[in-house]
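Heads up: the structure comes next, in structure tokens.
The values are calculated or read from the model by the stated rules, or taken from the named source; none is laboratory data. All values derive from a computational prediction rather than experimental measurement. Don't worry about glycine lacking a Cβ; one is built from the backbone with ideal geometry, like all the others, and counts go over all protein chains shown. For accessibility, only protein heavy atoms count, side chains too; no ligands or nucleic acids. Shrake-Rupley method; radii C 1.70, N 1.55, O 1.52, S 1.80 Å.
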Amino acid sequence: MAEVLEVRAEIESQIAGRTVCEQLRQVAADHPDSPAYSDPEGEGWRTLTYAEARERVLTIAAAFAELGLEPGEAVALMMVNRGEHVLADLGAVHAGGVGCTIYSTFAAEQIAFVAADVGARYAVLGGPADVDRWMPVLDQLTELRRIIVLDGAPEGDERFLPWADFLALGERALAAGRAAVDARWQAVRADDTVTVLYTSGTTGMPKGVPLTHRNVFYEVASTDRLTTLPVQGTQISYLTYAHIAERVLSLYLPLMKVSHVYFCTDLANLGATLGQVRPMMFFGVPRVWEKMMARLQAVLATQPEEQQQQVRQAMAAGVAYVEAGQHGGTITPEIQAAYDQADKALLSVVRAMIGFDQAQWTATGAAPLPGEVQRFFAGLGLKVIDVYGMTETTGAFTGNSPADYKLGTVGRAEPGVEIRIAEDGEILTRSPLNTGGYLNRPEESTALIDEDGWLHTGDIGSIDEDGFVRVVDRKKELIITAGGENISPANIESHLKEHPLIGQALAYGDGRPHPVAVLTLDAELAPGWAQARGIAFSSLAELAQNGEVLKEVERAVEAANAKLARVQQVKRWALIGSEWTAETAELTPSLKLKRRVIHAKYADVIEGLYVD
């Protein structure tokens, strides 16, 4: 404990008084010509240096001040990942305001709730699609003064201000004198709120989580110690800035590491962007890694059998190498030699093909990564390591590192972070990463953080003798069968999704005699699997009814059951002919299952699985 507190004091001393505003000033002064942000433009990129980015941020801050933004007031943001998103957020903060990115998948009523709850006085939207989401509820948002639109602002409506006009307003204000905007950002303090993020929530309306400059810089400093990434590295921003992981990794961390951030404005272009950027670090939620694996497997399946066998042998050497390198393990000379040979002959070629040849840190979080996916990338020589955290802890508070990891765990406590397991198995944590509580929700804040400062995660887990944490499941999502067995649905689902045909899985069984599962096909891989076998189909729904597909899914369920205890095994299952997405409401924007939504939507299907 003394060592933990000593490290905490050391980090707090390192970041004392630091704000995003001062950090940007410093990096722009020390590295004015270093590339900061690059947006796709035609076949190439449009890039701002750190000096240019700061000048643009000050222009935006001056524009917000001219419009009437007061210190402490919120600016809501909704747009794809692009330079203007970061600049608008930083501009709001430099004006003394608070940036709040809203998930672009939120329904109109959720947008209205968040904008009102955070007290948004201004909004910055990307274009017509975002405007359309806001338009039905604008009359409800009586405190919203102006909406700035980057592309295609509605004409003739004074509520909307085109981005070009907004920038011109700021440029005129700066030309008249910088004293006012300088006074704004210099007045910002480390304990001021830098952002409010809304947990996407599996039930009910989202909850606002205020985070301070002190919170985010403690996270940045501890993440930097964990990853040991080089200065001026490259990375890709593609997950929404409403997600704490993206916000830390590609908004705040680059200000310390002088990173060059490339924006991927459309997830469909991620593969191409990876090939162009070749990032030094990459974070993906499990679904992103699953889809990349599926695409690679589909390509490999088209190769001659002899080549496929060579790939399997090379990947076996990669898996052995990564597994032997775990905490407490030993990479023997034989394992090293086999890996070096496989890497030189094939694995390095595959990594280069998918844009990971320069990657020094590849990680996942937000939900369990199926072991089969982790082993697949280990076969390519990539350590896709788990980190664990939540919005309420400013992101990760545990993590594996490339040099010290255990597969199947979420790593050890980050520097200066305390973790303990409560009597009921819940994971508790205490550190400067913890939020002070939820916005406008005192009762839920009291339930979140107890009087001793321990934050209750709501997750069940364990800590092994080496300090590595394992997360079993959400406390409220554990299945208690009619026989009184406590079962983790996430564990069952993880094994089911190891088969490439299965895109999503939901295990059910609370109060029932045994678990059952509702499954979906992988919309990317299933069509290729079917075509390779000469199966004709016109839709995913038709494919889900095909006899060969159902037999293969049956084999997948049997393979999953073989890895589970008898009481955990799925006795019956149903295959759904549609994909689950955030847009269709079965998933949260961070791609977690909305169990209650699925339970309600497929109530008849689930009930039918229990009928003899």
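Odds and ends about this structure:
- In this calculation the C-beta distance from N440 to D157 is compared with R0 = 35 Å, giving a FRET efficiency of 0.70.
- Between amide H atoms placed 1.01 Å from N, distances below 5 Å from F397 occur with Y388, G389, M390, all of them 5 or more places distant or on a separate chain.
- Where a label projected 7 Å from the Cα of Q531 along Cα→Cβ would reach, residues of region 265-304 with amide N under 16 Å: 294-303
- Charge dipole (the chain, unit charges on Cβ, about Cα centre) - positive-most of V557, L270, L48: V557
- Cα gyration tensor category, rounded, prolate or oblate, for region 409-559 with a/c compared to 1.5: prolate
- Protection proxy ranking, highest mean first, for peptides 248-255, 402-409: 248-255, 402-409, where packing is the per-residue count of other beta-carbon atoms within 10 Å, averaged.
- Whether region 9-59 is rounded, prolate or oblate, judged on the alpha carbon gyration tensor where a/c under 1.5 counts as rounded: prolate
- Charge dipole (debye, nearest 20) of region 264-376; +1 at Cβ of Lys and Arg, -1 at Cβ of Asp and Glu: 280 debye
- Cα gyration tensor shape of region 187-331, rounded if a/c is under 1.5, else prolate or oblate by comparing a/b with b/c: prolate
- Antiparallel beta bridges, as assigned by DSSP with both residues in the chain, represent about 55 percent of the total such bridges.
- Multiplying the residue separation of V4 and V567 by 0.36 nm and subtracting their alpha-carbon distance yields 198.7 nm.
- Degrees, to the nearest 10: 547-561 long Cα axis against longest axis of the chain: 80 degrees
- Accessible surface of D510 - all protein chains present, 1.4 Å probe, nearest 10 Å²: 90 Å²
- Protein-only accessible surface order, largest first, of R56, R512 at 1.4 Å: R56, R512
- Percent carbon-and-sulfur accessible area, region 419-506, ignoring ligands, DNA and RNA, probe 1.4 Å: 47 percent
- Magnitude of the charge dipole for region 351-444, about its Cα centre and with charges confined to Cβ atoms of Lys, Arg (+1) and Asp, Glu (-1), is about 440 debye.
- Mean Cβ count within 10 Å, highest first, over the residues of peptides 278-289, 556-567, 233-244: 233-244, 278-289, 556-567
- Efficiency of FRET between A116 and R596 - r from beta-carbon atoms, R0 35 angstrom, step 0.05: 0.90
- Largest to smallest accessible area among I419, I385 [probe 1.4 Å]: I419, I385
- Per residue, the accessible area of the chain comes to 41 Å² when a 1.4 Å probe rolls over the protein heavy atoms.
- With Cα atoms, 0 to 90° folded angle of helix 286-300 axis to the chain main axis: 60 degrees
- Within the chain: Cβ-based charge dipole about Cα centre, in debye rounded to nearest 20 (Lys, Arg +1; Asp, Glu -1): 460 debye
- The E323 and L550 beta-carbon pair, evaluated with R₀ = 60 Å, returns a calculated FRET efficiency of approximately 0.95.
- In degrees, nearest ten, helix 83-94 long axis to first principal axis of the chain (Cα): 50 degrees
- Counting protein heavy atoms only, region 5-136 has 46 percent of its accessible area on carbon and sulfur, 1.4 angstrom probe.
- Using a probe radius of 1.4 angstrom, the carbon and sulfur fraction of the accessible surface of region 204-338 is 56%.
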